[in-house]
Amino acid sequence: MTKAIEVKDLWKVYGPRKENVPLDQPEKLSKMEEKREAVVAVRDVSFSVDSGEVFVVMGLSGSGKSTLIRCLMRLVEPTAGSINMNGEDVSSLSNQELTQFRRNAAAMVFQHYGLLPHRTVLENVSFGLNLKKVPRREREERARELLSTVGLEGWDNYYPANLSGGMQQRVGIARALASDPPILLMDEPFSGLDPLIRREMQEEMVDLHQKTNKTIFFVTHDLDEGMRLGDRMAVMRGGSFVQVGTPEEILDDPADEYVARFVQDKKEMFQEAEKENKGKQDRKGLTEDVS
Amino acid sequence: MFPDAWEFSIARWINDFTNWLLTTFSAFFDALSGIILSLLLNIHSGLETIPWWIYILAIALTAFFTTKKIGLTIVLSILPVIVGLFGLWDLAIETIAIVLTAVVIAIIIGIPLGVIMAEFKRMEGLGRPILDAMQTMPSFVYLIPTMMLFGLGKVPAVLATVIYAVPPVIRLTNLGLRQVSQEVQEAALAYGATRFQLLKEVRIPLAMPSILAGVNQTTMMALAMVVIASMIGGGGLGYEVLVSINRIDVGRGFEAGISVVILAIVIDRLTQGFAKRFEPPSN
């Protein structure tokens, strides 16, 4: 299987200039961190994502997951490491090549939608195509097609402010699909939504993934969401990947105490559900277990 | 007493420098002067040919369609009539011509400078102290260099007004561009916007309310300068005020003063209403 995303030894250190970061001297770097001279947001992260896979990065706020996803698009300039997406060496692209890469190879969905408030829904969806100078008629046709894909037919001429959060994110997803990129990067796309709507959107995303078979790199702080959507997931903490594996692997065999604590509740819920299926006799035993 | 022996004057060098400027660049100054004068005269004669009631009608319509308030519309359309009743209509038109010319020039200079300051951090560092100096400088001081280079008349009056009035539009263009939400800018970049596209498609449209607020303030400052500019031949309502001061004719000065205030109120409300139309829709 071909790799859609391949990241090797990726670092992002805020604070000192790129050339002054002592990546080869760990003690010196940790001293700088202690003195708050340097903040390591992404620490030596390597992973690869197969084409058509949904890869979830799960971590709490401050774990560096948002920085990581921004590094992939070079919205944040990585300090060191190599990024290969869709066969292109992203880390070494020139400005013009990077623009082309962003227009064609990957698209991003943002937590707070990132829609243009002064443009209509239709113009927002066709924004990427507009940047590529696709003729008006063609791009509007494509945008209408996508609006119906995400269930927003007839909302063409509304402005983002007229829409609910869930609908705005649908616009965000339609915009990402507009130029039909092989890779989608999603930065906590459903975090700001009500639980019911979030659930609905997650299900729609699964459908969409089955239909289009795009590679999806998905960032979330919600373990449930990660487990439901991810083919594989990585648990991130303090800038590093603590564990990478399928949701089941992580649940059954947590790599360390941090991950174990994280998945504990989830595990108990699973066990409870399992035992409930077995029958009433076991329930007594479960309550004893918990106490 | 400050020691006499330390006395040191730069007045002579400045005079020499101005003379040198004048003789060396006389062709340039003549050309610039010609352009500004023809712009001013065209605007003035254009404004003069419009009958008074068209102004009232235009003000009423713009006021109504931008603010949708009937009371405000009536007040704004009656105010200019008072200027006419004082017998100052033609002078008011002359003043508007000078203000309009100055504002047009200020916008042509100011908006690009504001954009440059927002795009390049260094330029902001350089521009800020200059703008601060321009705004704290007493406005009379502007009369001196413009008068030296262009003599007396309408052109130096317009130029002094431009120098005095241009800072707000530069500042608010810069500020507006910098205040555009980072998230929206990031999204635009993620979809492959070039720096120019980001500016044209996202930053300038979203900064428009701020830029127009700058234009509004620039217009107000230009109006405030007309009385001062009349000292070097600006004419219009300002000259009327100047004459009244010289003759200690309080009543006549008051009429002219009120007329300036009326112009200010009407222009301010109209441009503010106009600026609101550029705000992106919100809940």
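The values are calculated or read from the model by the stated rules, or taken from the named source; none is laboratory data. These numbers come from a predicted model, not from an experiment. Glycine also receives a Cβ, built like all others from the backbone with ideal geometry; neighbour counts cover every protein chain displayed.
Some points to look at:
- Unmet requirement for A:Gln111, which otherwise passes all of (1) more than 26 Å from A:Asn84 (Cα to Cα); (2) assigned to a loop (DSSP other than H, G, I, E, B); (3) under 25 Å from the mean Cα position of the chain (by Cα); (4) of a type outside the set (A, V, I, L, M, F, W, C): (1)
Conditions (1) more than 16 Å from the chain's Cα centre (by Cα); (2) farther than 28 Å from A:Glu53 by Cβ, marked per residue:
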site: A:Val125; (1), (2): yes, no
site: A:Val134; (1), (2): yes, yes
site: A:Glu140; (1), (2): yes, yes
site: A:Val150; (1), (2): yes, no
site: A:Asn157; (1), (2): yes, yes
site: A:Ala176; (1), (2): no, no
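- Selection within segment B:39-85 - under 23 Å from B:Arg277 (Cα atoms), surrounded by 14 or more Cβ atoms within 10 Å (Cβ to Cβ) and of a type in the set (Gly, Ala, Ser): B:Ala60, B:Ala63, B:Ser77
- Among the residues of segment B:164-186, just one is more than 13 Å from B:Ala118 (Cα to Cα) and outside any helix (DSSP H, G or I), namely B:Ser181.
- Among residues that are modelled with pLDDT under 90, surrounded by fewer than 22 Cβ atoms within 10 Å (Cβ to Cβ) and within 14 Å of the chain's Cα centre (by Cα), A:Ser164 is not included.
- Being over 18 Å from the mean Cα position of the chain (by Cα), outside any loop (DSSP other than H, G, I, E, B), more than 14 Å from chain B (Cβ to nearest Cβ) and without any contact (Cβ under 8 Å) to a residue 12 or more places away in the chain is a property that holds for A:Leu196.
- Near pairs, Cβ below 8 angstrom, 6+ apart or cross-chain, from segment A:237-262 (at positive phi) to any residue that is small (Gly, Ala, Ser) and not in a helix (DSSP H, G or I): A:Gly238/A:Ser63; A:Gly238/A:Gly64; A:Gly239/A:Ala41; A:Gly239/A:Ser63; A:Gly239/A:Gly64
- Qualifying residue in segment B:223-230 (condition: at pLDDT 90 or above, in contact with a helix residue (DSSP H, G or I) (Cβ under 6 Å, 6 or more places away or on another chain), in a helix (DSSP H, G or I) and closer than 23 Å to B:Gly273 by Cβ): yes
- When A:Arg74 is tested against (1) within 12 Å of another protein chain (Cβ to nearest Cβ); (2) crowded, with 19+ Cβ neighbours inside 10 Å; (3) within 20 Å of the chain's Cα centre (by Cα); (4) not in a helix (DSSP H, G or I), only condition (2) is not met.
- Considering only residues in segment B:187-242 that are within 14 Å of chain A (Cβ to nearest Cβ) and in contact with a Gly (Cβ under 6 Å, 6 or more places away or on another chain), the one that is surrounded by the fewest Cβ atoms within 10 Å (Cβ to Cβ) turns out to be B:Ser210.
- Condition check for B:Leu189: over 28 Å from B:Gly273 (Cα atoms), touching a helix residue (DSSP H, G or I) at 6+ places or on another chain (Cβ under 8 Å) and in a loop (DSSP other than H, G, I, E, B): no
- Applying the criterion of at least 2 residues that are under 25 Å from B:Ile258 (Cα atoms), of a type in the set (S, T, N, Q) and under 24 Å from the mean Cα position of the chain (by Cα) to the helices (runs of 4 or more DSSP H) found wholly in segment B:1-89 leaves B:26-49, B:52-67.
- Every condition in (1) in contact (Cβ under 8 Å) with a residue 60 or more places away in the chain; (2) more than 8 Å from chain B (Cβ to nearest Cβ) is met by A:Arg144 except one, and the failing one is (1).
- Hey, A:Val56 in contact with a Ser or Thr (Cβ under 8 Å, 6 or more places away or on another chain), of a type in the set (Val, Ile, Thr) and assigned to a loop (DSSP other than H, G, I, E, B) or not: no
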